Amino acid sequence: MVNLSMRLSILYPTLAETYAASTVLPGLSICIVLLRFYARRLQKNPLGIDDWLMVPALAMVVGIAISLVTGIHLKAIAYPTPVDGNLTTEEQFSRVNPTISHMYKINYAFTVLVIFAFGFIKLSIIFLYRRLFVTRRGTFFDWVTKISISVVISWTISFFFGFIFGCGTHFSAEWGSFRDYYTYCGVVIDLMNPLVVSDLVSDVMILCLPLPVIWNLHMTTGRKLLVTGILAAGAVSIVAAIIKVVITLYITNPGYNTHVDIMDIDLTVTAIMYWSMVEAGLAIFAACLPNLYFLLRKVPLGSIMNSVRSALSLRSLRSQHSQRIVPRSESSYTNIVPDIMSASQMPMIRISGSAGSFRSGNKDAAEITGPGIYVTSQISQHESIV
């Protein structure tokens, strides 16, 4: 008797749901990425690595959608597995079914695209963190993000080659008979669990990366919550990743192969592909949300991000000397904040001699004369998110 606890508790996505995910999500992803670049243009901010990484990520997501639509067209995805009742079990195990072969070909390309899509999205988010929170090199967060970048790159490359050569040089075994697949492609089965689990774990770690930095800043609790909420939007994609992990762990369970008759292979693979598509689409949205908020906000996010930078700059200054030595010069100005601040936000110091005078950058300020050290700060609100 089949153990009922082995049954998959998640419903298969329907044909309509699969088709909708493969058409709506990539369309929205294209719009979101275009809006990201449009927001940068309005802000007059230079495009960074985090922006450019979204271009290949978007290309991979569109490729994922195309593979799903192709599978639906061939009735290899979102359709029940065809079974020839006239064949014996041994014949079904050794025979190449055209529809199942199409499904495995699509899944082969799909998996490679998913690996690269997730890799580029993760890298884009980490580089965004660096743009926002790394004000000088050598800080703890600087090293943490550099290590995270190295880990993500290694993750992407290792799983790419692992799946490409999962059947060794017997590439056709990926979409051949079940006998060929289980003979040559055992590594692919062994890689599925590490792939989906490490993807989920890395998502959670990347999501939590900036939290200690944000909550150590000198901002109001409300602003900390707002910045945390915007940057933590990636949690929506983690739900899809969790569902994908549950399905994958189930089908790679040794008991699944024993009771494979209670499950539909094509529909089970469709479920994994469907939730991967959902995860990728939501991840694109989450990675671009900080930029999109610039267009959708009701409160000026630019001033909030400026507050983040200012708080980071203050922390950086406190770790340096309490005073900076400035030459006694009639026209010496010294910038005492990191370069990430704009010129209009730079506090200015001028030391004057007995015959010197100090004039504030603010044209409305009164002229101050006489010897001594004078400090003025000119702050303006910018419509910039980063």
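The values are calculated or read from the model by the stated rules, or taken from the named source; none is laboratory data. Only a predicted model underlies this, so the values are computations on that prediction, with no experimental measurement involved. Cβ atoms come from the backbone with ideal geometry, glycine included; neighbour counts cover every protein chain shown. Accessible surface is based on the protein model in full, side chains and every heavy atom, while ligands, DNA and RNA are left aside. Shrake-Rupley method; radii C 1.70, N 1.55, O 1.52, S 1.80 Å.
List of remarks:
- The residue that is modelled with the highest pLDDT, counting only those in region 276-303 that are open to solvent by less than 10 Å² (accessible area, probe 1.4 Å) and more than 17 Å from the chain's Cα centre (by Cα), is Gly302.
- Of Asp180, Asp142, all but one fail to be acidic (Asp, Glu) and surrounded by fewer than 17 Cβ atoms within 10 Å (Cβ to Cβ); the exception is Asp142.
- Flag for Ile64 being open to solvent by 20 Å² or more (accessible area, probe 1.4 Å) and either of a type in the set (S, T, N, Q) or in a helix (DSSP H, G or I) (or both): no
- Residue match in region 117-125 (condition: open to solvent by 50 Å² or more (accessible area, probe 1.4 Å) and either in contact with a helix residue (DSSP H, G or I) (Cβ under 6 Å, 6 or more places away or on another chain) or farther than 26 Å from Asn193 by Cβ (or both)): yes
- Residue match in region 51-66 (condition: over 17 Å from Ile32 (Cβ atoms) and touching a Ser or Thr at 6+ places or on another chain (Cβ under 6 Å)): no
- Taking the conditions (1) open to solvent by less than 70 Å² (accessible area, probe 1.4 Å); (2) under 30 Å from Thr89 (Cα atoms) in turn, Leu211 satisfies each one other than (2).
- Look at (1) over 27 Å from Arg131 (Cβ atoms); (2) without any contact (Cβ under 8 Å) to a residue 12 or more places away in the chain; (3) of a type outside the set (Lys, Arg); (4) in a helix (DSSP H, G or I) and you find that Leu191 fails only one, number (2).
Per-residue answers, yes or no, for (1) part of a helix (DSSP H, G or I); (2) more than 17 Å from the chain's Cα centre (by Cα):
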residue: Phe110; (1), (2): yes, yes
residue: Gly119; (1), (2): yes, no
residue: Ser124; (1), (2): yes, no
residue: Arg136; (1), (2): no, yes
residue: Asp142; (1), (2): yes, yes
residue: Lys146; (1), (2): yes, no
residue: Ser150; (1), (2): yes, no
